[in-house]
Structures are given as C-alpha cells and as structure tokens.
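The block underneath contains the structure these notes are about, expressed in structure tokens.
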Amino acid sequence: NAGVMQNPRHLVRRRGQEARLRCSPMKGHSHVYWYRQLPEEGLKFMVYLQKENIIDESGMPKERFSAEFPKEGPSILRIQQVVRGDSAAYFCASSPHQRGETQYFGPGTRLLVL
Amino acid sequence: KNEVEQSPQNLTAQEGEFITINCSYSVGISALHWLQQHPGGGIVSLFMLSSGKKKHGRLIATINIQEKHSSLHITASHPRDSAVYICAVSQNAGGTSYGKLTFGQGTILTVHP
C-alpha cells in the first residue's frame, strides 16, 4: 500500500505564474488536508477536503489559492499569480474515514518563487 | 499566545541520554499527535493519543488531559533521533471533532555521538 504521494517534489516558478501541487492520498483514504510550512515557521492548516467537497478552508488565503479533490484523481492545490511570499513547503496528509484519526503525511512539495 | 506550546525549542543531548520534550495546549482536543520531521524531509506520525500513555520502541508519549499537557520521551537516545519533533492537536469544540491539526513550533533535537 503506497503512502501519500505528492508531486512535484520541487517546483520553481517566477512571480505571476501559476503553481499546481498534486496529492494522491493513501488507498482507501477519503480525507485530505493541506498544510503549509513557511521558512523558519511552523506548520499551518490550509484546507480540509473530502471527495468532491471542501469541508474547511478557514486557513486558505482569500485570494489566489484554491483546492479541489475530484471524484477521480488527485487533490490539487492551485496558487495563481504566485508571489515570493508563497515560497514554502506544502504538505498533504490523508486519513481513512473519521475526523481526528491519524493523518499520514506526504513528502511535501517545496515551492520556490523567483 | 499560541494554542499549542512546546518546550524546549532546541535540545542538545549526548548519545544514550534520556530526552523529554513537553507540549502544552489551551484548547479542547479530541487527540494529540507527535510528529517527526527530518531536515528537508517529510513528516512522520509517531503517536496519536487521547489519554494515558503509548510506547513504541524507545519512544514513549504521555498525556494528562486535566492539565492539558503531553510529553514525548526518548530513551537511550541515538544520533539518528536528531530531527524536529512537533506536537499537534485535533481540536474538539462543543462536541464536534475537527480533523485539522494545530501545530506547536517544534523542538529541534540534536544528539551527538
């Protein structure tokens, strides 16, 4: 059973470009969480999704950021018109069924905005 | 004040020493998680606990719900234990459990041979 997969592992974008980060949860997991770790800072919650639904997006910046978890395929975190302050490690985690269960983390995507 | 506080922020030990990392929280929780992150690496879940004590190999995690405090202990520490250890909580408000995690700032552990 493969773990949580994220790609790309490293992504370089110039200011104003779009960044698409992908997360494939563990097999059988229907809950996905996205977290961001800014340089020299702790992890922060961004968004919680179940298949085809956004459950909690209270940690998402109001503009330029969006997330989806379609019925088929990976979860996508999309950042439009990136700025240097978006440079961070973005981690995805998944859990099987219920809230509050152990979350399994992916290896992260390191985004660098030039 | 952060909802989850860890201490110490940095910890240096000699191989073989017993290590304790502390975590205090100020919100209602459904579970507390201990995570490990190696430099430039991913995040591994070590423990999830809502009461009592759990043990896995040389790692022990305890939680005191009344005092809103948890500790992570490492016995017979080894250089390969060097990593950042992160405490996180799943909040519980009004009987509703929220899956999202709220994190402490992490404790940087360095174990010298």
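The values are calculated or read from the model by the stated rules, or taken from the named source; none is laboratory data. This one's a predicted model, so the numbers in the text were calculated from it and none came from an experiment. Counting neighbours? That spans all protein chains shown, and the Cβs are built from the backbone with ideal geometry, glycine included.
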TODO: Tell me which residues, restricted to the stretch A:48-74, are at pLDDT below 95, acidic (Asp, Glu) and not in a loop (DSSP other than H, G, I, E, B).
DONE: A:Asp56
Task: Members of the stretch A:10-47 that are exposed (fewer than 13 other Cβ atoms within 10 Å of the Cβ) and modelled with pLDDT under 95 - done: A:Lys27, A:Gly28, A:Pro39, A:Glu40, A:Glu41
TODO: Might you let me know whether the stretch B:67-86 holds any residue that is facing chain A (nearest Cβ under 9 Å), touching a Gly at 6+ places or on another chain (Cβ under 9 Å), in a strand (DSSP E or B) and modelled with pLDDT under 95?
DONE: no
TODO: Please specify each residue of the stretch A:1-45 satisfying the condition of being in a strand (DSSP E or B) and without any contact (Cβ under 8 Å) to a residue 24 or more places away in the chain.
DONE: A:Lys44, A:Phe45
- [ ] Specify which of the listed residues (A:Glu101, A:Glu63) is of a type in the set (Asp, Glu) and within 10 Å of chain B (Cβ to nearest Cβ).
- [x] A:Glu101
Task: Considering residues of the stretch B:16-29 that are surrounded by 19 or more Cβ atoms within 10 Å (Cβ to Cβ) and within 13 Å of chain A (Cβ to nearest Cβ) only, the residue nearest to B:His112 (Cα to Cα) - done: B:Cys23
Open item on the list: Can you report the number of residues in the stretch B:7-32 which are in contact (Cβ under 8 Å) with a residue 60 or more places away in the chain, over 19 Å from B:Thr75 (Cα atoms) and touching a Cys at 6+ places or on another chain (Cβ under 9 Å)?
Closed with: 1
Task: Single residue of B:Pro39, B:Pro79, B:Pro113, B:Pro8 found to be surrounded by fewer than 21 Cβ atoms within 10 Å (Cβ to Cβ) and within 13 Å of the chain's Cα centre (by Cα) - done: B:Pro8
Open item on the list: Suppose the filter is touching a Lys or Arg at 6+ places or on another chain (Cβ under 6 Å), of a type in the set (Val, Ile, Thr), part of a strand (DSSP E or B) and within 19 Å of A:Glu101 (Cα to Cα); does B:Thr62 pass it?
Closed with: yes
Task: Where B:Leu59 falls short, out of the listed (1) of a type in the set (A, V, I, L, M); (2) surrounded by 18 or more Cβ atoms within 10 Å (Cβ to Cβ); (3) within 14 Å of chain A (Cβ to nearest Cβ) - done: (3)
